[in-house]
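Where a number appears in this text, it was derived from the coordinates with a stated rule and is not lab data. None of these values were measured; they are calculated from a predicted model. Cβ placement follows ideal geometry from the backbone for every residue including glycine, while neighbour counts extend to all protein chains displayed.
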Amino acid sequence: MTQVFDFAFAWQILPSLARAAIVTLEMTLAGFLLALVIGLVLVALRLSRSPPIAWAALGMIEFLRGTPLLAQLFFMFFVFPLWGIRLPAAPIGIIALGLHYGAYCSEVYRAGIESVPRGQWEACAALNLGRMIGFFRIILPQALIPVAPALGNYLIALFKETPILSAIAIAELMQRAKEIGSDTFRYTEPITLVGLFFLAMALVSATGVRWVERRLKQAYR
């Protein structure tokens with residue numbers, strides 16, 4: 001009778017999958033940090049007093065949210081070289097994740113910014129802080145408190161989207177599991193371990209997000 005799950009084989013492939021898990025974490029963190037920055041830039045443009053800039057930012061946000069991440073990834077990987085833009089697969093993966101989730105983060109930022117009382121803007125003007133200084137030092141910290149859970153959800157969602165990077169041969173966790181399966185014709189063990197890796201890292205991420213949320217509430221109580 002064929003053994004359904006071979007623990008010895010699972011233990012044998014565990015180090016290889018653990019190394020791939022590190023790649024997955026690196027891609028996740030780099031992509032999310034880029035998404036936070038891009039989201040901030042997009043929301044600043046979206047709230048611009050210049051209608052053309054605001055409409056252009058809105059168009060970019062809707063385009064990035066309205067098209068599949070896989071299509072964006074393929075476009076950057078296969079079309080950019082035709083325009084003379086040649087990048088390794090890993091930077092392209094990070095940029096694709098950052099742009100796609102940056103559009104979502106920008107809307108989360110906007111909801112948080114609009115929840116800040118208008119009087120806070122007026123207080124910044126009364127203190128002659130300047131619009132940009134007042135935004136980054138007064139408005140944005142208050143806006144982050146209610147939206148921290150939503151940003152954390154996007155971090156976890158981005159993390160679970162990293163297997164899509166295997167489409168451009170990035171050696172992340174799922175890609176390595178498929179390689180092991182194709183070499184050994186055993187998929188039960190690598191895919192099961194991948195699921196356990198993702199579950200463990202998602203639980204750790206969720207715990208970290210809750211910790212950040214509590215710290216923000218304590219800092220600006």
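Within the range 32-71, find all residues whose amide N lies under 20 Å from a label point positioned 7 Å from the Cα of Ser115 along Cα-to-beta-carbon.
Backbone N within reach: 36-37, 39-44, 46-47.
Is the chain rounded, prolate or oblate when judged by the Cα gyration tensor, a ≥ b ≥ c being the square roots of its eigenvalues, rounded requiring a/c under 1.5 and prolate requiring a/b larger than b/c?
Since a/c reaches 1.5 but b/c is at least a/b, the shape of the chain is classed as oblate.
Let me spell out the model: positive unit charges on the Cβ of Lys and Arg, negative unit charges on the Cβ of Asp and Glu, origin at the Cα centre of the chain. What dipole size does that give, in debye rounded to 20?
I would put it at about 760 debye.
Using θ = phi - 60° and the Karplus form 6.51 cos²θ - 1.76 cosθ + 1.60, what ³J(HN,Hα) does each residue of the range 38-49 get, whole Hz, x for Gly and Pro?
Result, rounded to whole Hz: 4, x, 5, 5, 5, 6, 5, 5, 4, 9, 4, 7.
Specify which residue in the list Val116, Ile133, Trp83 is farthest towards the positive end of the charge dipole of the range 24-173, using unit charges on the beta carbon of Lys, Arg (+1) and Asp, Glu (-1), about the Cα centre.
Comparing the listed Cα positions along the dipole, Ile133 ranks first.
Taking the range 1-82, which trypsin sites (Lys or Arg not before Pro) meet the DSSP loop condition and have no more than 10 other C-beta atoms within 10 Å? Don't skip to the end; give the middle numbers.
On the way: sites: Arg19, Arg46, Arg49, Arg65; in loops: Arg49.
Sites meeting the loop and neighbour criteria: Arg49.
Taking the Cα centre of the range 81-185 as the origin, how large is its charge dipole in debye, to the nearest 20, when only Lys and Arg (+1) and Asp and Glu (-1) carry charge on their Cβ atoms?
Details: 8 positive and 7 negative charges, 49 e Å.
Computed charge dipole of the range 81-185: roughly 240 debye.
Please report the relative contact order for the range 24-173, taking Cα pairs under 8 Å with a sequence separation of at least 6, and give it as a percent rounded to a whole number. Show your work: numbers first, answer last.
Values: 161 pairs, mean separation 51.4, N = 150.
Answer for the range 24-173 is 34 percent.
Quick one: net charge of Ala169's neighbours, Cβ under 14 Å, K/R +1, D/E -1? Let's see the in-between values first.
Details: positive: Arg176, Lys178; negative: Glu172, Glu179.
With Lys, Arg at +1 and Asp, Glu at -1, the neighbours total 0.
For the range 1-127, what D do you get in µm² per second when you plug the Kirkwood radius from alpha-carbon pairs into Stokes-Einstein at 10 °C and 1.306 mPa s? Could the numbers behind the result be given before it?
Values: Rh = 17.7 Å.
Approximately 90 µm²/s, per Stokes-Einstein.
I need the phi-derived Karplus couplings for the range 4-21: 6.51 cos²θ - 1.76 cosθ + 1.60, θ = phi - 60°, integer Hz, Gly and Pro marked x.
Result, ordered by residue: 5, 10, 9, 5, 5, 5, 4, 5, 5, 8, 4, x, 5, 5, 5, 5, 5, 5 Hz.
Within the chain, what is the longest stretch that has no chymotrypsin sites (Phe, Trp or Tyr not before Pro) placed in a DSSP loop and near at most 11 other beta-carbon atoms within 10 Å?
Values: sites that count: Phe5, Phe185, Tyr220.
No qualifying site falls inside 6-184, the longest such stretch.
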